[in-house]
Amino acid sequence: MTLPRLLEPAILRIGTHLSRLSAGLSPTLFDRRWWSQSAINLAMKDQAFKAHLFHFIDVLPAVADDARVVSLAEEYFGRLDGDLFGLQWGLKTLASTGLGARLTGKAIRHQVQQMARMFIVGATVEEAAPALSRLWSEGRAWSVDLLGEATISDTEADHYRNRCLDALTGLGEAVGTWPPSPLLERDHLGSLPRAQLSLKISALTSRLDAIDPEGCYRGVASRLRPIVDLAAAKSCGLVFDMEQADTKDLLLLIFKRLFAEPAYRSYPHAGLALQAYHRATGQDIQDLLAWVRTRGTPITIRLVKGAYWDSDTVRYRQAGWPVPLFEQKAETDENYEALIPTLLQEPQLIRPAFGTHNLRTLAVIEAVAEAQKLAPETLEYQMIYGMAEPFQQAMVTLGRRVRLYTPVGQLLPGMAYLVRRLLENTSNESFLRKEYVESQSLPTLLSPPAVIRHPGEQKPSNEFNNEPHSDFSRPSVRTAMHDAIAAVRLDLGRTWESAPNDLRLSGSLLESHNPARPEEVTASVRAALVADVDPAVRLALSRSESWHRRPAAERAAVMRRAAALMRERRYELAAWEILEVGKPWREADADVAEAIDFLEFYASRMDRLAAPLKLGDRPGELNHRVYGPRGVAAVIAPWNFPLAIPAGMVAAALVTGNTVLFKPSERASLMGRLLTDILMQAGIPSGALLCLPGGPEIGRALVGRPEVSTVAFTGSKEVGLQIVAGAATIQPGQRLVTRVIAEMGGKNAIIVDDTADLDEAILGVVSSFTGYAGQKCSACSRAIVHASVYEQFLSRLKDAVASLTIGDPLDPGTQVGPVIDARAKQRIEDYIALGQQEGRLLLRRPTDGPGYFVGPTVLADVTMHHRIAQEEIFGPVLAVMKAAGMEEAMDLANSTAYALTGGVYSRSPANLALARERFDVGNLYVNRPITGALVGRQPFGGHRLSGVGAKAGGDDYLTQFMISRIISENTLRRGFEAAD
Ligand code: NAD
């Protein structure tokens with residue numbers, strides 16, 4: 001939708017007028033008086049410097065020690081006494097006038113604080129009051145935004161609520177004595193409060209996650225109510241800031257529900273921000289209009305362009321989800337313009353507030369208001385404190401109500417905010433940059449947004465692409481999952497007889513119990529007896545020839561069909577996982593997606609390996625490498641990724657032409673059975689895949705068979721090593737040395753250094769050690785923390801763990817569910833008892849109910865010699881260790897028998913380089929959680945006693961299931977070379 005062309009002359013006229021009114025001023029950031037100007041200038045020219053500068057500013061608040069500030073600056077920018085650096089920072093004079101040639105940490109900190117002061121009005125409301133009063137006397141209203149760290153616990157959410165309450169009290173008192181300002185205090189609907197607070201709803205809860213709207217509403221609303229009560233009593237305005245795209249609908253829901261509650265229905269100063277870069281905003285405004293009609297009291301809508309474009313776009317693309325935001329800046333500008341008349345259409349219901357720093361947008365708003373003959377007090381303009389001062393001035397001069405979004409908070413912790421503002425100002429798309437740095441001409445600046453229309457067609461690609469995880473912020477996805485759970489529950493406790501195969505199993509029924517409600521039988525699956533192994537092996541052997549003679553493309557097609565069947569049954573499969581092994585929603589969904597990935601990925605890799613490969617190019621010879629299957633493979637699987645892991649091993653063996661004897665874990669027989677059914681339905685012939693549910697005795701029997709030439713095992717180190725040892729003995733009649741591919745356990749560590757972003761590090765450690773109740777081979781079980789942040793880390797970690805929702809995984813809000821069974825629970829509890837002797841118990845969450853719950857537990861002051869620092873526990877238990885520096889942290893991290901996953905949270909380039917070089921793990925994760933490897937993009941597997949064999953989901957995995965042969969032919973016959 002575009003504006004009527006008719007308005008363009010008015011836009012040009014008004015824009016020219018506004019430009020004249022703003023002449024002579026320039027935004028503070030671009031003002032030559034500031035030392036920072038040279039740094040900003042360089043950042044605009046040099047992308048690499050910009051990244052370094054912003055990363056450095058971002059890490060600064062984390063570092064208390066002055067010498068460390070200097071050494072970090074050197075890591076980012078090279079030696080500090082060089083001329084270039086001195087010039088960039090405008091510090092040359094400082095250095096040559098007595099402070100010495102070297103910069104000090106204090107001087108650097110001071111410079112950056114000065115930069116922050118441009119955007120942050122004061123550390124506290126008290127400190128900010130004089131500046132707010134000055135703004136008022138200059139004819140500018142404001143909306144205070146309280147800056148702070150991310151909220152990662154309930155304690156921190158309470159703290160933010162208290163800060164909001166204090167701010168309302170403080171602001172309420174401060175404004176009482178100010179002189180009246182009719183322009184700022186009245187609009188077409190009546191009086192306007194002098195004080196307005198912008199709220200970050202994500203800071204009012206430890207977890208704003210749309211997977212659980214009900215739970216989130218309860219948590220947020222309980223903290224919001226006292227804030228609204230006080231705002232109403234003090235006559236202050238409240239505006240919800242809009243945040244990341246995946247929380248938009250949730251914020252709208254919270255807003256509508258809260259302000260429809262009888263106590264708050266008539267509160268007249270509620271508002272929220274909407275982002276024009278979001279494609280759904282037009283619809284959201286219509287929905288809000290309809291809602292306000294039923295509420296009966298108007299609201300404020302602040303229309304902004306949107307501040308999370310980069311991060312949201314990256315995150316959605318990374319997840320493989322359609323991006324809900326406009327791709328081009330010009331499309332956002334165009335949408336913004338289109339939304340202006342919408343916002344102005346019902347001023348009895350909506351108080352419109354327009355947040356923009358763009359001269360043309362300002363002119364468009366004026367032109368539309370003029371065309372609709374709206375009185376100027378009907379709307380207000382909002383700009384950010386410290387930005388676009390010339391336009392602020394122009395609008396004030398024009399007699400318009402201007403409100404500044406004004407951050408209050410500690411300067412250094414406010415750095416994340418500063419970096420956002422700097423990014424915005426220096427981006428190529430920034431209007432301010434276009435006008436004040438690039439000096440574009442007025443007609444160019446005032447011309448309509450130039451959207452480049454794409455043909456919109458994307459070429460289909462044959463490349464493997466990961467199956468996207470479900471986006472549970474979408475209501476339709478949540479409904480599908482709820483429905484699937486309900487449907488599956490009707491089938492609970494069913495008996496699953498032998499799969500329709502040429503082999504009837506003779507064992508008893510193996511019951512799976514719901515770990516959250518052990519009295520509930522999820523399924524009864526017919527098991528195999530050891531006596532069944534012999535006929536099974538013979539059957540598999542007899543079908544080997546016909547299966548491997550199928551063209552590889554056909555075998556790959558079967559895998560793709562199986563993947564398609566899983567996609568169709570995606571939520572049903574996830575629901576069964578929840579009920580059989582107790583995975584929370586997201587984890588269950590991710591396991592199904594990973595199973596689909598394995599099927600697709602190995603199919604695509606088989607396509608590449610199938611054709612003979614010509615080697616060398618010398619004349620007179622023709623060399624080919626060809627692959628063939630090894631024969632009969634045994635697949636022995638664990639229960640913790642009950643679909644994905646067996647799907648990967650079975651698919652790899654089958655697609656390469658082997659027949660497979662598959663033993664699922666006795667703790668996940670149903671998932672094994674469902675996988676088998678899907679593969680057979682997709683076209684695996686009878687006998688080429690045999691599922692043998694049962695316990696260790698079946699696994700042992702399979703490994704002992706001379707006909708089994710490959711064993712693909714995933715499970716514990718103890719069992720894996722037994723299999724490796726057993727495979728070394730050649731049985732009578734054995735024709736191939738058994739190849740064992742064994743993925744085993746881990747004792748994985750995350751290092752948190754003195755420069756880490758603690759918000760992220762703590763969230764990363766918590767999700768890595770409590771995800772699926774710690775029952776992942778990749779789970780974090782050790783946190784190795786730098787001494788200078790150790791206590792702070794422990795105290796915030798404790799609060800974060802105390803805020804986790806523990807419960808039945810059927811409930812979408814559950815973050816930590818039960819462990820798999822009573823045996824596992826006992827084993828973990830034994831380790832916790834031991835850990836209390838070895839280390840210091842920081843926290844153990846209590847649990848109740850009949851399920852096999854173990855509360856997440858943190859043990860501090862653990863040393864490398866403690867057993868809990870060496871042995872795999874496989875539960876939600878974290879050992880925290882202290883390190884004096886990065887070298888020591890590396891030594892601690894590498895001090896176990898395992899080498900599976902590891903992580904490091906750091907913003908020090910030198911420490912990150914050291915970790916890359918020395919952290920001895922199969923999968924190293926930098927500044928992110930350490931679980932959730934993705935097929936193809938992050939092939940997975942460890943070494944040392946964590947595994948033997950190539951990485952699962954990687955390029956070389958399939959070759960382990962094959963024999964390669966080289967065929968070399970002499971092509972020179974009777975003196976001439978035959979064409980090949
Ligand atoms: P587990 O070793 O107890 O059992 C794995 C499988 O081996 C089961 O099917 C079991 O019945 C079978 N088995 C048991 N004893 C056997 C024997 N003597 N001979 C042959 N088969 C036997 O492991 P689990 O409890 O199912 O899974 C948890 C373990 O798996 C953890 O140690 C975890 O770290 C590891 N794991 C590793 C990875 C990885 O990729 N490295 C992935 C998932 C799980």
What FRET efficiency would be calculated for the residue pair residue 6, residue 486, taking the C-beta separation as r and a Förster radius of 60 Å, to the nearest 0.05? 0.60
Accessible area per residue of region 441-565 at 1.4 Å probe, in Å²? 56
Qualifying lysines (Cα of each under 30 Å from Cα of residue 747; at least 8 residues distant if same chain): 583, 663, 717, 776, 798, 825, 882, 951
Where does helix 47-59 land angle-wise versus the long Cα axis of the chain, in degrees 0 to 90, nearest 10? 90
Hey, what do the phi angles of region 527-542 turn into as Karplus ³J(HN,Hα) couplings, whole Hz, using 6.51/-1.76/1.60 and θ = phi - 60°, x for Gly and Pro? 9, 9, 9, 4, 4, 7, 5, 4, x, 5, 5, 5, 5, 4, 5, 5
Counting Lys +1, Arg +1, Asp -1, Glu -1, what net charge surrounds residue 525 among other residues with beta carbon under 11 Å of its beta carbon? -1
Under the Kirkwood approximation for Rh and a Cα-based Rg, what ratio Rg/Rh is obtained for region 221-363? 0.98
Summing +1 for each Lys or Arg and -1 for each Asp or Glu, what net charge is found among the other residues whose Cβ lies under 12 Å from the Cβ of residue 504? -2
What would the Debye formula give as log10 I(q)/I(0) at q = 0.13, 0.23 Å⁻¹ for the alpha-carbon point model of region 866-980, no solvent? -0.64, -1.41
If I compute solvent accessible area with a 1.4 Å probe over the protein chains, what percent of it on region 777-926 is carbon and sulfur? 49
Distance (nanometres) between label positions extended 7 Å along Cα→Cβ at residue 235 and residue 416: 3.6
Output ordering of 603-615, 243-255 (per-residue mean of other Cβ within 10 Å, highest first) is 243-255, 603-615
Each residue of region 795-807 in turn: what ³J(HN,Hα) in whole Hz from Karplus with 6.51, -1.76, 1.60 and θ = phi - 60°, glycine and Pro shown as x? 5, 6, 4, 4, 5, 5, 5, 5, 8, 5, 8, 9, x
Heavy-atom accessible area per residue of region 748-938, all protein chains kept, 1.4 Å probe, expressed in Å², is 33
Among the lysines, select those whose C-alpha is under 26 Å from the C-alpha of residue 248, and discard any that sit fewer than 8 residues away in the same chain. 200, 256, 305, 329
How long is region 748-938 along each principal axis, judged by its Cα atoms, biggest number first, in Å? 49, 41, 30
Compute the semi-axes of the equivalent ellipsoid of region 567-609, taking the square root of 5 times each eigenvalue of the Cα gyration tensor, and list them largest first in whole Å. 25, 9, 7
List every residue whose amide H lies under 5 Å from the amide H of residue 143, counting only residues 5 or more places away in sequence or on a different chain, with H placed 1.01 Å from N in the peptide plane. 404, 405, 406
Helical mean residue ellipticity (222 nm; -39500 (n - 2.57) per DSSP H run of 4+; nearest 500) of the chain: -13500 deg cm²/dmol
Name the residues whose placed amide hydrogens come within less than 5 Å of the amide hydrogen of residue 947, ignoring near sequence neighbours (fewer than 5 apart) on the same chain. 744
In 20 Å bins starting at 0, how do the alpha-carbon pair distances of the chain split up by percent? 12, 37, 33, 15, 2, 0
Going by amide H atoms built from the backbone, whose H comes under 5 Å of the H on residue 751, apart from near neighbours? 784, 903, 904, 905
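What percentage of the solvent-accessible surface of region 366-474, computed with a 1.4 Å probe over protein heavy atoms, is contributed by carbon and sulfur atoms?
Here it works out to 50 percent.
The values are calculated or read from the model by the stated rules, or taken from the named source; none is laboratory data. For clarity, every value in this text was computed on a predicted model and none was experimentally measured. Heads up, the Cβs are rebuilt from the backbone with ideal geometry, glycines too, and the neighbour counts pull from every protein chain shown. These area figures cover heavy atoms from the full protein model, side chains too; ligands, DNA and RNA do not enter into them. Shrake-Rupley method; radii C 1.70, N 1.55, O 1.52, S 1.80 Å.
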